[in-house]
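Read-outs: derived from the displayed coordinates by stated rules, not from any lab. Keep in mind the model is a prediction, meaning the values are calculated, not measured. FYI the Cβ positions are ideal-geometry reconstructions off the backbone, even for glycines, and counts take in every protein chain you see.
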Amino acid sequence: MVKERARILVVGGGYVGMYTALRLQRNLRAELRRGEAEITVVTPDPYMTYQPFLPEAAAGSISPRHVVVPLRRVLDQCHVVIGEAQRIDHTRRTATVTTLATEEEGTGARRLAYDELVLAPGSVSRTLPVPGLADHGIGFKTVEEAIGLRNHVLEQLDIASSTRDPAVRDAALTFVFVGGGFAGVEALGELEDMARYAARYYHNVTPEDMKWILVEASGRILPEVGEDMGRYTVTELRRRNIDVRLDTRLESCADRVAVLSDGARFPTRTVVWTAGVKPHPVLAATDLPLNDRGRLLCTPQLAVDGAPHAWAAGDAAAVPDVTAAAPGADCAPNAQHAVRQARVLGDNITHALRGEPLDTYAHKYVGSVASLGFHQGVAHVYGRRLKGYPAWFMHRAYHLSRVPTVNRKARVLAEWALAGLFKREIVSLGSLEHPRAEFELAAGGKPSQEPPRNPKG
Ligand SMILES: Cc1cc2nc3c(=O)[nH]c(=O)nc-3n(C[C@H](O)[C@H](O)[C@H](O)COP(=O)(O)OP(=O)(O)OC[C@H]3O[C@@H](n4cnc5c(N)ncnc54)[C@H](O)[C@@H]3O)c2cc1C
């Protein structure tokens with residue numbers, strides 16, 4: 001029984017937002033039914049994205065709709081508001097929120113009052129002031145970016161196949177990825193594998209014509225799988241003719257030429273930027289305490305330090321890692337922590353409402369699995385190192401067990417099974433991004449290049 005009517009506001013519908021709301025929904029079922037508690041989730045998209053599947057979505061092994069989970073369906077006891085928190089005044093317990101409706105109506109932002117706040121907006125790409133990056137770079141954090149990149153890569157093969165200009169062809173067939181973490185290595189591994197396969201359907205493009213380049217500022221890649229497996233990944237990628245450049249930075253990509261710190265220059269139409277993440281900028285628009293990296297200062301109980309009734313977890317939060325040997329270490333921003341923290345967070349809010357003692361978040365990082373393309377992978381889990389097919393299989397088995405909802409598990413499994421029977425999908429649906437172009441042409445106007453607001457439909 002909760003002490004008084006509790007209005008819980010969850011900002012963010014990703015890992016932390018969705019799993020915390022699910023936990024609260026389960027814990028407070030009776031109170032929600034009696035109207036003693038109310039959960040509102042504010043998030044820009046009506047779905048949670050299972051980011052570890054984005055590289056497979058980009059490769060066409062999983063449909064875009066199956067890497068996302070519809071929030072309204074799973075959070076059926078919550079109010080889901082599609083919008084963005086712009087500011088949070090925790091002293092007054094209010095959040096300023098814009099929604100699609102407030103934008104359309106020009107009515108400005110809405111104020112939402114709350115009693116308990118869960119702040120989980122995650123992170124955004126950490127960019128640097130590299131000339132040309134804002135104009136030509138593409139990130140790899142969202143399903144839109146993953147599918148956009150897939151279409152773009154296949155389109156480059158079409159451009160290369162149809163041009164007579166060797167410079168245009170060369171630039172089209174050069175793909176530069178910046179950042180050797182999970183996102184960059186998996187995206188490159190899957191897309192190179194997909195493009196290599198697709199090339200067999202082009203009469204004048206071969207895998208040897210393509211240049212795939214991975215640029216990493218430090219001396220190693222995939223730190224998540226340990227040093228040995230990181231070294232193995234470099235060897236494996238190089239064996240596939242991928243040009244891995246360690247201790248190298250992208251200095252410019254202005255005028256569609258990637259200039260690297262080692263002096264190399266690559267004319268290219270593709271620069272994928274996956275050089276790390278930083279906490280979401282909305283955190284700076286709150287009166288809550290942040291650490292020197294801009295993450296919310298939290299206690300091991302996932303409360304925001306010194307701010308009663310505010311809670312946080314995931315990429316946005318600096319949660320002390322109580323299992324770390326070195327004191328002062330925070331939990332790394334990854335899904336492994338985000339999911340587990342969300343469960344403790346949901347329980348702790350319930351405990352707080354019921355006047356019960358709070359739980360402490362403690363989880364020792366168990367290692368990681370990464371896919372490098374079809375039947376290729378690398379893993380370092382519970383001290384065991386795996387590579388090649390066994391690692392790839394473990395990657396699939398692990399993520400299938402983790403992707404939320406039975407519905408999504410069944411759909412993903414069905415897609416993988418069908419892929420074993422039929423040929424891979426190699427079609428580019430880039431024109432989906434301009435659905436009005438054909439009609440505008442028919443109506444006598446000039447086709448606009450404006451993408452639709454929600455390309456997923
Ligand atoms: C390609 C890729 C592969 C990855 N693979 C792995 C992996 O294999 N293993 C692993 O452990 N981790 C992996 N990660 C990292 C993992 O996905 C993140 O650590 C995890 O998503 C963090 O959860 P979160 O809830 O903090 O943030 P998110 O899941 O990003 O959720 C944040 C949510 O907040 C919403 N939001 C943002 N701003 C606002 C606002 N102003 N108002 C309201 N809502 C807002 C966002 O739209 C989003 O829905 C991967 C990440 C990427 C990009």
Inset, instruction - Specify which residue in the list N151, V259, P70 is farthest towards the positive end of the charge dipole of the chain, using unit charges on the beta carbon of Lys, Arg (+1) and Asp, Glu (-1), about the Cα centre. - result: P70
Inset, instruction - Treating cross-link reach as a plain straight distance, find the aspartates and glutamates whose alpha-carbon is under 17 Å from the alpha-carbon of K409, omitting any fewer than eight places away in the same chain. - result: E56
Legend entry - Dipole magnitude of region 47-169 about its Cα centre (Cβ charges: Lys, Arg +1; Asp, Glu -1), debye to nearest 20: 220
Inset, instruction - State the answer as a single residue: which of V124, A325, P435 lies farthest towards the positive end of the charge dipole of the chain, with beta carbon charges of +1 for Lys and Arg and -1 for Asp and Glu, about the Cα centre. - result: A325
Inset, instruction - Give, rounded to the nearest 20 debye, the magnitude of the charge dipole that region 202-252 has about its Cα centre when Lys and Arg contribute +1 at Cβ and Asp and Glu contribute -1 at Cβ. - result: 80
Legend entry - Burial order of peptide ranges 249-255, 313-319 (average beta-carbon count within 10 Å, highest first): 313-319, 249-255
Inset, instruction - Answer with one residue from N27, N204, G179: the one whose Cα lies farthest towards the positive end of the charge dipole of the chain, charges on Cβ with Lys, Arg +1 and Asp, Glu -1. - result: N27
Legend entry - Violating pairs (Cα-Cα greater than 28 angstrom) within the set K387/K423; K278/K423; K211/K364: K278/K423; K211/K364
Inset, instruction - Give the peptides 141-152, 188-199 in descending order of average Cβ contacts within 10 Å, highest first. - result: 188-199, 141-152
Inset, instruction - Give, rounded to the nearest 20 debye, the magnitude of the charge dipole that the chain has about its Cα centre when Lys and Arg contribute +1 at Cβ and Asp and Glu contribute -1 at Cβ. - result: 1100
Inset, instruction - Would you mind ranking T323, T40 so that the residue whose beta carbon has the fewest other beta carbons within 10 Å leads the list? - result: T323, T40
